[in-house]
C-alpha cells in the first residue's frame, strides 16, 4: 500500500497541471464572450453539452456497472439465454435518444432564428456600417459613412451594434471574431451580412476560419473596442493621416500577399464594395494598373 501512495500522488499532480493548462485556452475564445451574440452562443453551447452529458455519463457508468456485475466471479448474476423482450427497456432505449434529438433540435431551431446573422440587434443606437472584403490573404474594412478604410485592423465603439456586409475578391473565406460570436462566409460575387456588438472595451482577435490555400493562416486582424468619443477621435486621426483608397491602391491590395501588416486610408475615391460584390472586380482598375 505504501508503494502505491507516491504513484497516486503523481497522478493527482499531473491531473491538476493538465487541467490548469487548459484554462488559458478559454480566456480569448468562444467561452469568454464580450458581446450579446457571443454570450447567447455560449449559452447554447452549454445547454447542448449538458443535454449530451445527460446521456453520455449514465452510459459510461452503466457500462462499468454491467461489466462489474456480470463478471465471471459473481455467482448472483443470472444468465438467461431465452430472454428476448422487455417493454420497459424498449421504452428507455427509444425514449432517451428521442428526447435528446428533441431538445437539441429545439435549441438549434430557436437559436438559429434568434441569432440569424442578418437579423439586426436590438439597440437604441444606430448601427455602425462596415463593409468587409476578404483579399488573398488579408482583410479590407471599409467604413461606408466615415469614408475611410483599413486593412487587418478594426476600431468600433462599445455598446453600438455593428452591421457588416461581406464579400470576397476570389476564394471563399470565413470571417470570425471568437469573443464576439458567429463566423460567416465571404464569397465572390455575393454579399453576406452579420451583426455583432462589443459590450466591453478591449482588443479582440479576428481570423479566417476557412482553409483557402497557403496563406489563409496569416489572415488575422485585430478589433479594438473603445468608447464612442475615442472612436470619433480615431476616425479623425485616420483622416488626418492621409492615404487614399483608389483603383491603383486596390489593385495592389488584391495581389496575393502573406503576412501583411495593418494599413489605414483616410479617404475613398469610390466605394469598391458593391462593384466587387456584383462580380465586376476587373472594372476597378485598368489592365495597366493591375500590372
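Readers should treat all values here as calculations from the given coordinates under stated rules, not as data from a laboratory. Note that this is a predicted model, so its numbers are computed, not measured. Reconstructed Cβ throughout: ideal geometry from the backbone, glycine too, with neighbour counts over all protein chains shown.
Figures for the structure shown
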| item | result |
| --- | --- |
| Computed FRET value (nearest 0.05) for residue 47 with residue 280, which takes r as the C-beta separation and R₀ as 45 Å | 0.50 |
| Prolate/oblate/rounded label for segment 29-114 (Cα gyration tensor, a/c 1.5) | oblate |
| Counting DSSP beta bridges with both ends in the chain, the antiparallel % (nearest 5) | 65 percent |
| Residues listed by number, segment 49-68, amide nitrogen under 20 Å from residue 76 label point at 7 Å toward C-beta | 61-68 |
| Most fluctuating residue given options 53, 180, 128, as computed from a GNM of the chain linking Cα atoms under 10 Å | 53 |
| FRET efficiency estimate (nearest 0.05) - Cβ-Cβ, residue 99 to residue 63, R0 30 angstrom | 0.90 |
| Between segment 144-158 and segment 56-126, the alpha-carbon center distance in angstrom | 47 Å |
| Beta bridge orientation in segment 128-290: antiparallel %, DSSP, nearest 5 | 65 percent |
| FRET efficiency estimate (nearest 0.05) - Cβ-Cβ, residue 147 to residue 201, R0 35 angstrom | 0.90 |
| Candidate values (i) 18.6, 55; (ii) 26.8, 89; (iii) 24.9, 96, label of the one derived for Rg and Dmax of the Cα atoms in Å | (ii) |
| Max mean-square fluctuation residue, GNM over the chain, Cα-Cα springs under 10 Å, options 251, 260, 95 | 95 |
| Crossing angle, helix 87-114 versus the chain [Cα axis fit, 0-90 degrees, rounded to tens] | 10 degrees |
